[in-house]
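A.B. asks: For reference, the structure I am asking about is given below.
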Amino acid sequence: MYALETAHADPEETTQLRRFEALYRGEFAFVWAAARHLGVSPGAIDDVVQDVFLTAYRRLDHLRFEVSPRAWLFGVTRKVSFRYRRGAARRARRHDAFAAITPRRRGHPSSATTTPSSSSIYCDVSATSPAPCGR
C-alpha cells in the first residue's frame with residue numbers, strides 16, 4: 001500500500017511524496033541518460049539511478065533548488081557515478097593483483113593425471129572389506 005493511499009497520511013508527507021513522484025517521473029530519463037553518459041557500466045546504471053533518487057528523496061524537504069532540479073540531480077548523478085566507477089576500478093585492480101599471485105592451472109581438471117579414477121577411489125574405500133578389489 002502506498003503512503004498516498006493511506007487514510008491517516010500526514011498532509012505534509014503526502015505533499016512531499018507527490019513532489020518526489022513528480023520529480024522522479026519528470027527526471028528519470030535524464031538521470032539514466034546522464035549516468036550512461038558519465039561512463040557507468042550498463043549493469044550498474046539502475047543502481048546509480050536508484051542512489052541518485054534515494055538521495056533526492058532524503059534531501060527533498062531541505063532543498064531549495066537554486067538553478068533547477070535537473071541541475072542539482074546532474075550534480076548528484078556525477079558524484080554517484082564517480083563512486084561507482086571508482087569502485088569498479090578498485091575491484092579490477094584487486095582482481096588483477098590476485099590473478100598475478102595465483103598460479104594458473106593448465107588444462108581441464110578432469111584431464112589431470114593426479115586425479116584418482118572413480119574405481120580406485122571405490123577400491124580404496126572398500127579396501128577394509130574382506131572381498132579383494134582387483135589387486
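A.B. asks: Using 0.36 nm per residue, how much length does the chain from LEU54 to GLN16 gain when fully extended, once their Cα-Cα distance is taken away?
C.D. replies: Details: separation 38, 0.36 × 38 = 13.68 nm, distance 1.36 nm.
Gain in length upon complete extension: 12.3 nm.
A.B. asks: Which value, in Å to one decimal place, does the Kirkwood hydrodynamic radius take for the stretch 6-67 when every pair of different Cα atoms is included? Can you show the working numbers first?
C.D. replies: Numbers: mean 1/r = 0.0771 Å⁻¹.
One over the average 1/r among Cα pairs gives 13.0 Å for the stretch 6-67.
Every read-out reported here was derived from the displayed coordinates using simple, explicitly stated rules and does not represent laboratory data. Not measured: the values here are computed from a predicted model.
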